Every structure is written in C-alpha cells, then in structure tokens.
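A short write-up of the structure that comes next.
What follows draws every value from the coordinates through simple rules; no lab data is involved. Only a predicted model underlies this, so the values are computations on that prediction, with no experimental measurement involved. Using ideal geometry, Cβ is built from the backbone for each residue, glycine included, and neighbour counts are taken over all protein chains shown.
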Amino acid sequence: MSEIRKNRGMEALGETNVSACANVMATPSAAMRFWIITMMLVLFGLSTLKLR
Amino acid sequence: MLLALFQWLGQDIRAFNVFNYITLRAVLATMTSLVITFVVGPAMIRWLTAMKIGQAVRDDGPQTHLTKAGTPTMGGALILVSIAVTTLLWSELRNPYVWVVLATTLGFGVVGWVDDYRKVVHKNPKGLSAKEKYFWLSLIGGGVALYLGLSANLPAQTELIVPFFKSVKYPLGAIGFMILSYFVIVGTSNAVNLTDGLDGLAIMPTVMVAGALSIFAYATGHFYFSHYLGIPFIPGAGELTVFCAAIVGAGLGFLWFNAYPAEVFMGDVGALALGAALGVVAVIVRQEIVLFIMGGVFVVETLSVMLQVGSFKLTGKRIFRMAPLHHHFELKGWKETQVVVRFWIITMMLVLFGLSTLKLR
C-alpha cells in the first residue's frame with residue numbers, strides 16, 4: 001500500500017476501487033460507497049422515465 | 001417552500017408548473033437530502049469527535065465491538081436535519097400529513113436525543129429510564145394516533161387492508177385504529193432501535209422500506225392508480241412520497257459515513273425517529289401489514305430479544321448465543337460485514353415481496 005501511495009502516477013492507481021483502498025478507505029467502505037453512487041445513478045436513470 | 005415559490009412563478013412562466021409533479025419533487029428531494037448529508041456530515045463528525053460525543057460499547061457484547069468505543073454517535077441528528085430541511089423545501093406545506101410525519105419523526109428524535117445526551121455527555125449509562133422513555137414515546141405516538149383517528153373522514157382511512165386480498169378490509173373504527181396506529185408507530189420505532197447494533201445494519205433496511213413506502217404513498221394518493229391497483233384512495237397521501245424520498249437520500253448519505261468501519265453512529269436520536277417515520281407513513285397509507293412484511297428484519301430482531309428475555313426468565317436458558325439476533329450470528333463466526341449485507345439481502349427480498357402486494361390482489 002505504501003508503495004502505491006508514494007507513486008501517484010496513473011499506472012499506480014489501477015482501478016478506482018484499488019485507488020480508493022490505497023487512500024486509507026477500508027474495503028467495505030469503498031464497496032458500500034460505490035454501491036451508494038450506483039444507487040443514485042440508478043435513481044437518476046429511472047427519473048428519465050418521467051423527466052422528458 | 002420552494003413549491004409555493006414555483007407555483008407563484010408558474011402563474012407567469014408555465015415551465016415552473018413542472019414542480020407540481022410529486023415524482024419530480026421526490027427525485028429532487030432525494031438529491032437534496034443526499035447533498036445536505038454529504039456537505040454537513042464531515043463537519044458534524046469533526047464536531048462530535050471534538051466534543052467527545054463517543055459511543056460507549058457494552059462490555060458484555062461481542063469482543064470485536066470493543067474497538068468501536070469512542071466512535072462519534074448521535075449522527076442521527078444529521079439525518080433528521082436533512083430530512084426536515086428537504087421536506088420543508090419540496091413538500092406541499094398545506095398538506096396536514098406532511099406536518100404529522102415531520103412532527104412524529106422530530107418528536108421521537110427529541111426523545112432519542114435526550115437519551116443519547118444523558119448517556120454520552122452526562123456519562124449516565126442509563127440515559128432516560130425505561131419508564132420515562134416509554135412514557136414520552138407513548139405520549140407522542142398516542143397523540144399522533146389520536147389526531148389521525150379523529151381527523152379521518154373516509155372509511156378507507158381507518159380500515160385494515162389485508163395484502164393479497166382485494167376485497168378483504170376490516171373496519172377498525174376510531175378506537176381500534178388509534179390502538180393499532182399507536183402500536184405500529186411505537187413498535188416500529190423500538191424495532192429499528194434494537195436493529196441498530198452493527199455498522200449500516202439499521203440504515204439500509206430503513207432506506208429500502210422507505211423507498212417502497214414512497215411507492216405505496218404515491219399510488220395511495222393517486223386516484224387512478226389506487227383504483228387500478230385495488231388499494232384505498234387517500235387524498236393527500238401522495239405528498240408523503242416526497243418525505244419518504246427525503247429519508248432515502250438522507251439515509252444513503254448517512255450510510256456513506258456509517259459503512260463499516262463506521263465514522264459515526266446514528267444513536268437513539270436517529271433510530272427511534274426513523275422507525276417512527278416508517279410507522280406513521282405505513283399507518284397513513286394503510287399498509288401496516290405490508291410494513292410488518294417489509295420490515296421483517298426489524299421484526300425478527302425484536303422477537304429475538306423478546307424470546308431471549310422470556311426464555312431466560314422462565315427457564316433460565318438462553319435461546320440465542322446473544323440477542324438481538326445480529327450478535328448471535330456474530331458469535332457464530334460470521335463477520336460483521338457479512339451479517340450486515342446478508343440482512344440487507346433479506347430485506348431486499350422482503351421489500352420486493354411487499355411491493356408485489358400492490359399487484360397481486
């Protein structure tokens with residue numbers, strides 16, 4: 001993890017979830033926060049049914 | 001407030017009339033409460049930490065929970081502020097149901113806040129005594145039930161709707177309605193409070209049940225949908241869609257900080273209030289039995305405590321390794337996150353089952 005943090009280049013970030021975990025977010029936190037973002041995007045997507 | 005502004009503007013600019021649609025305001029309410037929670041959350045957590053408003057962990061609980069000691073609590077106040085501000089912004093404030101649900105939620109929140117405050121700030125481990133707590137909860141719950149019972153002017157508002165049966169409805173009468181409403185509101189409040197024992201365990205089922213109730217509220221307040229689906233039509237109930245949407249947004253925003261390992265706990269101020277909110281919405285939209293189904297996790301957690309206490313008093317033996325039920329599974333070796341996510345999955349299935357009652361009747 002510390003190696004990843006030292007190297008801030010794009011290649012060190014990997015997937016966004018790896019980056020989140022490397023930046024001191026615990027794995028469950030990262031997973032649940034990604035779920036929350038997805039839920040909001042799904043709600044936003046569903047709202048297109050009505051908002052047109 | 002914003003609705004009144006847009007309705008005034010709509011007299012000159014027709015585009016503003018789009019805000020009359022409950023569905024649009026529900027989406028905006030979700031977004032608003034989420035943003036409020038995200039913006040206020042970090043500052044509030046810093047403040048709670050600075051004020052040393054930290055959770056005391058029961059020493060007879062699972063050993064893995066000892067590391068949680070000192071985590072800021074009373075974060076439920078953040079949820080309540082977010083819900084209240086959002087509801088005031090996006091709801092039709094001339095609708096009495098909006099004020100009923102807001103008053104119930106904030107009233108239960110105040111009782112929870114006093115309990116938390118005494119426990120955490122005054123370092124009084126008992127907080128409010130059980131008698132005091134149930135007196136105040138009963139007073140508020142009973143008052144709300146009384147108001148709803150006395151203000152009902154349609155038979156549908158006091159009938160017990162049985163899911164899956166289109167024509168089975170039991171007229172409860174004013175007294176029966178008030179008794180049932182009291183137990184649903186106070187019972188749900190305490191059930192959510194008992195469930196609030198692991199990171200994220202109470203908030204996500206609350207979000208899911210509130211989301212489902214928002215659909216029930218919308219259909220119940222809609223003349224055509226209610227007749228098509230065979231559910232009672234209750235004028236004005238549709239406005240509760242906005243309130244439920246605010247719970248969804250605030251709840252998801254809170255989960256951001258409450259996900260394992262939690263940065264903040266909701267405390268009684270959040271749990272009692274959110275439970276009461278679900279209860280009172282279910283009472284207004286006449287879906288008490290469906291709430292019982294969808295909130296199955298809350299029900300089972302409560303039953304586990306009742307059975308454990310009853311069994312221990314009668315036989316001296318415990319049924320579960322520890323109550324409420326989530327601790328039982330932890331002691332069986334499940335990781336905290338496994339218990340939480342599995343209980344979420346169960347709630348998702350129960351909510352889907354509850355929603356299916358809209359059509360299957």
Notebook entry, point to check: What does the convex hull of the alpha-carbon atoms of the stretch B:56-123 project to on average, in nm²?
Noted result: 5.9
Margin query: Suppose every Lys and Arg Cβ carries +1 and every Asp and Glu Cβ carries -1, with no other charges. What dipole size does chain B come out with about its Cα centre, to the nearest 20 debye?
Written below: 580
Checklist line | Summed residue charge, Cβ within 13 Å of residue B:271's Cβ, Lys/Arg positive, Asp/Glu negative | finding: -4
Item checked: All aspartates and glutamates inside 12 Å of residue B:166 as judged from Cα atoms, apart from same-chain residues fewer than 8 positions distant -> none
Margin query: To check my understanding: the extent here is largest minus smallest coordinate of the Cα atoms along each principal axis. What are those three numbers for the stretch B:133-180, in Å, largest first?
Written below: 39, 22, 11
Check: Cα gyration tensor of the stretch B:1-126, axes a ≥ b ≥ c as square roots of the eigenvalues: rounded (a/c below 1.5), prolate (a/b > b/c) or oblate?
Finding: prolate
Next item on the list: Determine, from the Cβ-Cβ distance of residue B:131 and residue B:69 and an R0 of 35 Å, the FRET efficiency 1/(1 + (r/R0)^6), rounded to the nearest 0.05.
Entry: 0.80
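Hey, got the average number of other protein chain Cβ atoms within 10 angstrom for residues in A:34-47? Before the final figure, lay out the partial values.
On the way: counts 0, 6, 9, 2, 0, 7, 7, 0, 0, 10, 3, 0, 2, 7.
Mean shielding count: 4.
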Checklist line | Cα principal axis extents for chain B, largest first, Å | finding: 61, 46, 35
Check: What does the average come to when, for each residue of peptide B:111-121, you count the partner chain Cβ atoms lying within 10 Å of its Cβ?
Finding: 0
Check: Quick one: putting +1 on the C-beta of Lys and Arg, -1 on the C-beta of Asp and Glu, what dipole do you get for the protein assembly as shown around its Cα centre, in Debye to the nearest 20?
Finding: 380
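Based on the mean of other Cβ atoms within 10 Å per residue, sort peptides B:213-222, B:60-69 so the most packed one is first.
Ranked by mean Cβ neighbours within 10 Å, highest first: B:213-222, B:60-69.
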Next item on the list: Go through B:354, B:316, B:340 and say which Cα lies farthest out towards the positive end of the charge dipole of the stretch B:312-361; charges sit on Cβ, +1 for Lys and Arg, -1 for Asp and Glu.
Entry: B:316
Note to self: List the pairs from B:52/B:123; B:169/B:359; B:119/B:335 whose alpha-carbon separation is above 21 Å, in the order I gave them.
What the structure shows: B:119/B:335
Notebook entry, point to check: Label-point separation (nm) for residue B:346 and residue A:37, each offset 7 Å from Cα along Cα-to-Cβ?
Noted result: 3.1
Margin query: Based on Cα coordinates alone, diagonalise the gyration tensor for the stretch B:228-360, multiply each eigenvalue by 5, take square roots, and list the semi-axes in whole Å, largest first.
Written below: 30, 20, 14
Item checked: Fluctuation leader among B:256, B:334, B:113 - chain B, Gaussian network, Cα springs under 10 angstrom -> B:334
Checklist line | P(r) weight above 27 Å for the stretch B:113-241, C-alpha pairs, percent | finding: 33
Check: Which whole-number percentage describes the relative contact order of chain B, with Cα contacts under 8 Å and a sequence gap of 6 or more?
Finding: 24
Check: Going by a ≥ b ≥ c, the root eigenvalues of the Cα gyration tensor, does the stretch B:176-250 fall in the rounded group (a/c under 1.5), the prolate group (a/b larger than b/c) or the oblate group?
Finding: oblate
Checklist line | Likely footprinting exposure, B:224, B:21, B:182, fewest C-beta neighbours within 10 Å first | finding: B:224, B:21, B:182
Next item on the list: May I ask you to order B:139-151, B:266-278 by the average number of other C-beta atoms within 10 Å around their residues, highest value first?
Entry: B:266-278, B:139-151
Notebook entry, point to check: Running Debye on the stretch B:193-232 with equal point scatterers at the Cα sites and no solvent, what base-10 log of I(q)/I(0) appears at q = 0.24 Å⁻¹?
Noted result: -0.71
Item checked: the protein assembly as shown - Rg (one decimal) and Dmax (whole number), Cα, Å -> 21.8, 74
Check: Given a Förster distance of 41 angstrom, what is the FRET efficiency for residue B:167 paired with residue B:146, based on the Cβ-Cβ distance and rounded to 0.05?
Finding: 0.90
Check: Farthest toward the dipole's positive end in the stretch B:149-268, which of B:189, B:154, B:237, given Cβ charges of +1 (Lys, Arg) and -1 (Asp, Glu) about the Cα centre?
Finding: B:154
Check: So how strong a dipole does the stretch B:206-327 carry about its Cα centre when Lys and Arg Cβ are +1 and Asp and Glu Cβ are -1, to the nearest 20 debye?
Finding: 520
Item checked: Shape category assigned to the stretch B:24-67 from the gyration tensor of Cα positions, a/c cut at 1.5 -> oblate
Item checked: Extension gain, residue B:1 back to residue B:20 (0.36 nm per residue minus Cα-Cα distance, nm) -> 5.6 nm
